[in-house]
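Note sheet for the following structure.
The values are calculated or read from the model by the stated rules, or taken from the named source; none is laboratory data. Bear in mind the structure is a predicted one, so any value in this text is a computation, not a measurement. Please note: Cβ atoms are built from the backbone with ideal geometry, for glycine as well, and neighbour counts cover all protein chains shown.
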Protein chains: 2
Amino acid sequence: MKFSIKKNIILEQLTNVSKAISPRNIIPILNGIKFDLSKDGLYLMASDSDLTIQSFIPASEIENIEVEGTIIIQSKYILDIIKKMPSEVINFEVIDNLKIVIYTDTSKYNLNCLNSMDYPQIELNDAPSHITLKSGELKKMIRQTIFAISTQESRPLLTGINFKINGNIVECVATDSYRLAKKTMTLDSPFEDAVDIVIPGKNINELDKIIGDEEQNVDIHIFTNKIMFKYQNILFQSNLLNGSYPNTSNLIPADFIHIINTKLDEYFASIDRAALLTQSKDKNIVKMEAHGNELCISSFAEIGKVEDRITVERNNNEDISISFSAKYMMDALKTYEGEDIIIFMNTDSKPIVIKSATDESLIQLILPIKTY
Amino acid sequence: MKFSIKKNIILEQLTNVSKAISPRNIIPILNGIKFDLSKDGLYLMASDSDLTIQSFIPASEIENIEVEGTIIIQSKYILDIIKKMPSEVINFEVIDNLKIVIYTDTSKYNLNCLNSMDYPQIELNDAPSHITLKSGELKKMIRQTIFAISTQESRPLLTGINFKINGNIVECVATDSYRLAKKTMTLDSPFEDAVDIVIPGKNINELDKIIGDEEQNVDIHIFTNKIMFKYQNILFQSNLLNGSYPNTSNLIPADFIHIINTKLDEYFASIDRAALLTQSKDKNIVKMEAHGNELCISSFAEIGKVEDRITVERNNNEDISISFSAKYMMDALKTYEGEDIIIFMNTDSKPIVIKSATDESLIQLILPIKTY
């Protein structure tokens with residue numbers, strides 16, 4: 001293998017594929033990035049067996065392809081080496097079969113490599129049919145839900161995002177059983193199969209990092225045990241979590257006694273101030289009382305107490321007092337973009353539901369905390 | 001005590017004095033900030049008994065002084081509370097003797113306080129005479145030397161900066177016994193006493209954070225057991241470390257066999273690239289070979305090796321090969337601002353000395369590492 005390529009081109013794609021490499025990986029060859037050069041271009045691939053990322057750099061973006069070939073370069077140093085290289089074009093040349101020289105006129109790295117024959121065979125095929133989402137919409141859907149997944153390995157399914165398609169409705173749900181985030185989107189045309197899968201949250205996080213800000217299409221190919229996202233020249237394939245995700249559709253109440261309209265930023269700032277004096281960092285409990293057209297957010301700790309008031313619009317004049325995690329509420333509020341939000345409640349022991357005043361597609365739910 | 005003050009004014013000075021509070025402090029009252037309000041203005045003070053910072057906000061910068069008084073407010077929450085307050089003017093009012101209410105129209109914090117009678121008496125007096133440095137020069141002197149202090153508590157004196165005055169020469173030295181940084185400055189007029197003290201490095205670091213970028217005078221008052229810096233309305237007083245700092249004046253060779261002129265950024269980048277492949281993160285050893293008018297920086301690790309070349313100007317054509325810590329060299333190089341530096345060497349076991357090509361006031365010394 002021998003070729004020359006612009007530094008920024010190879011660096012960008014190495015950065016993308018290296019996101020599949022797990023720091024806790026124990027299979028030596030999976031610490032490497034597979035380089036596969038043909039006259040058509042360069043395929044880069046990395047995998048932790050649960051997540052595989054492949055990127056293709058076409059020959060037109062490569063300065064010079066002299067000798068085709070394939071080799072595994074250990075990922076630990078390669079990104080830093082490329083970043084620190086002094087010139088714009090970098091040369092790669094395999095010598096002695098399992099050694100690569102990466103060089104410019106003044107800098108020369110000799111690296112020991114691994115044999116590509118030892119790299120696992122990973123299938124990256126298309127499904128018979130797929131859906132297409134805009135990259136911006138997909139990123140938004142991820143960010144509006146993923147924070148709500150569980151970090152507890154004891155309930156593995158809740159560490160993933162529940163991804164469903166029914167006709168032309170796509171639905172994403174994440175919950176850790178104390179809160180729930182749900183986002184829906186509409187496809188231009190209905191998808192032929194009903195889909196109900198769970199994608200590992202950690203892999204979805206990496207996908208979010210790879211998708212850029214430029215608006216592009218992302219093709220999503222769904223299989224029974226895996227999902228593949230095609231974005232630009234990148235194939236991003238994740239295994240699915242096995243098992244049935246809990247039925248969350250009946251958790252969100254249909255009717256509410258209390259409906260409160262408020263400015264998103266005022267409400268957020270008020271919770272943020274009250275959260276300063278809570279009993280413990282983990283519990284982080286604040287109390288919200290509605291009285292007339294005023295919301296009072298309060299909390300207390302050993303050192304003292306805080307009371308914060310904002311003026312809101314309400315559907316009734318009945319008092320309600322409810323306690324919840326300030327952190328969970330702020331996490332949920334961060335997913336909204338509009339000026340106004342609506343807070344829906346029934347009693348102090350029933351879920352609090354948050355929606356945007358202008359967009360029905362996103363629902364955040366938080367369970368209250370009983371305080372005595 | 002009752003007063004109103006603009007948020008940004010109180011926040012800035014609370015931020016300054018809170019730098020004296022140690023996270024490892026075990027004396028409860030020293031976790032507090034002393035507020036002392038008179039008709040002249042507000043004194044804020046914090047101390048960890050080793051370092052004391054006092055700041056004065058004159059009455060002209062306070063919106064309204066209603067009741068004079070003094071109280072200790074626990075530092076843990078006060079900065080965040082002020083930061084998150086919703087309005088520009090914040091009210092402080094002591095109620096029930098040991099409780100303070102910090103409030104605006106919509107937010108109200110009640111905090112339990114401590115009695116100022118229990119706060120230690122700390123003398124913050126002027127010395128009979130003092131020197132004055134420009135704040136920019138003092139900051140530069142700190143940053144060019146402090147990185148070289150030792151972090152090993154086993155040699156406590158080396159965790160400080162050796163500060164000396166002889167006539168009109170001010171000298172700062174820091175060393176961890178493997179490297180040494182030395183900066184000299186000239187006073188406008190000679191100081192009457194000879195000074196040779198050691199200031200704790202951690203306190204000097206806090207001083208650096210407090211001094212802003214605007215050019216101001218800093219008055220330095222030196223005592224036998226403490227040093228006080230006066231900057232704007234701030235008094236910054238640090239204890240000194242006891243004992244005689246090692247004599248470092250004879251460590252820097254007067255004559256050199258090898259003198260190498262090089263571009264600072266080229267040399268730095270070359271070391272940085274070679275440092276990627278070193279045996280261990282801690283050792284971080286690179287080899288530098290001078291041959292003709294070329295410097296070759298190289299290193300190796302299990303995974304491979306690197307060779308990097310730059311063209312330099314030399315005073316002779318003799319080969320020299322010397323090994324040293326890349327981290328120490330890069331730390332030293334970061335203290336220079338000009339385009340060109342000069343590297344001075346004798347043999348592979350004698351100190352490497354770095355100077356700027358245009359400024360004699362700063363010397364960096366690094367001991368080589370013997371490799372076999």
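Below is a table of values for the structure above.
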item: Residue list for region A:167-209, filter: in contact with a helix residue (DSSP H, G or I) (Cβ under 7 Å, 6 or more places away or on another chain), among the acidic types (Asp, Glu) and farther than 18 Å from A:Gly243 by Cβ; result: A:Asp208
item: Output for region A:86-126, where each listed residue is crowded, with 16+ Cβ neighbours inside 10 Å, at pLDDT 95 or above and within 8 Å of chain B (Cβ to nearest Cβ); result: A:Thr106, A:Ser107, A:Lys108, A:Tyr109, A:Asn110, A:Leu111
item: Subset of region A:267-294 (residues that are in a strand (DSSP E or B), farther than 30 Å from B:Leu98 by Cα and hydrophobic (A, V, I, L, M, F, W, C)); result: A:Ala290
item: Residue among A:Gly32, A:Gly69, A:Gly41 that alone is within 14 Å of another protein chain (Cβ to nearest Cβ), in contact with a Ser or Thr (Cβ under 9 Å, 6 or more places away or on another chain) and not β-branched (Val, Ile, Thr); result: A:Gly32
item: Qualifying positions in region B:1-18 - polar (S, T, N, Q) and either buried (at least 22 other Cβ atoms within 10 Å of the Cβ) or under 16 Å from B:Ser107 (Cα atoms) (or both); result: B:Ser4, B:Gln13, B:Asn16
item: Some residue of region B:49-60 being without any contact (Cβ under 8 Å) to a residue 24 or more places away in the chain and part of a strand (DSSP E or B); result: no
item: Segments classed as strands (runs of 3 or more DSSP E), wholly inside region B:95-168, with at least 3 members that are of a type in the set (S, T, N, Q); result: B:107-112
item: Test: residue in region A:42-55 that is surrounded by fewer than 20 Cβ atoms within 10 Å (Cβ to Cβ) and either farther than 17 Å from A:Leu235 by Cβ or hydrophobic (A, V, I, L, M, F, W, C) (or both); result: no
item: Residues of region B:299-328 that turn out to be in contact with a helix residue (DSSP H, G or I) (Cβ under 6 Å, 6 or more places away or on another chain) and more than 9 Å from every other protein chain (Cβ to nearest Cβ), as a count; result: 2
item: Failed condition for A:Ile271, given (1) touching a residue at least 60 places away in the same chain (Cβ under 8 Å); (2) among the aliphatic types (A, V, I, L, M); (3) in contact with a Lys or Arg (Cβ under 7 Å, 6 or more places away or on another chain); (4) within 14 Å of another protein chain (Cβ to nearest Cβ); result: (3)
item: Failed criterion for A:Leu276 (all others in (1) among the hydrophobic types (A, V, I, L, M, F, W, C); (2) within 14 Å of another protein chain (Cβ to nearest Cβ); (3) out of contact with any helix residue (DSSP H, G or I) (no Cβ under 9 Å at 6 or more places or on another chain) hold); result: (3)
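Yes/no matrix, rows are residues, columns are (1) in contact with a Phe, Trp or Tyr (Cβ under 6 Å, 6 or more places away or on another chain); (2) touching a residue at least 40 places away in the same chain (Cβ under 8 Å); (3) at negative phi:
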| residue | (1), (2), (3) |
| --- | --- |
| B:Lys108 | no, no, yes |
| B:Met117 | no, no, yes |
| B:Pro128 | no, no, yes |
| B:Ile131 | yes, yes, yes |
| B:Met141 | no, yes, yes |
| B:Gln144 | no, yes, yes |
| B:Gly160 | no, yes, yes |
| B:Lys164 | no, no, yes |
| B:Asp176 | no, no, yes |
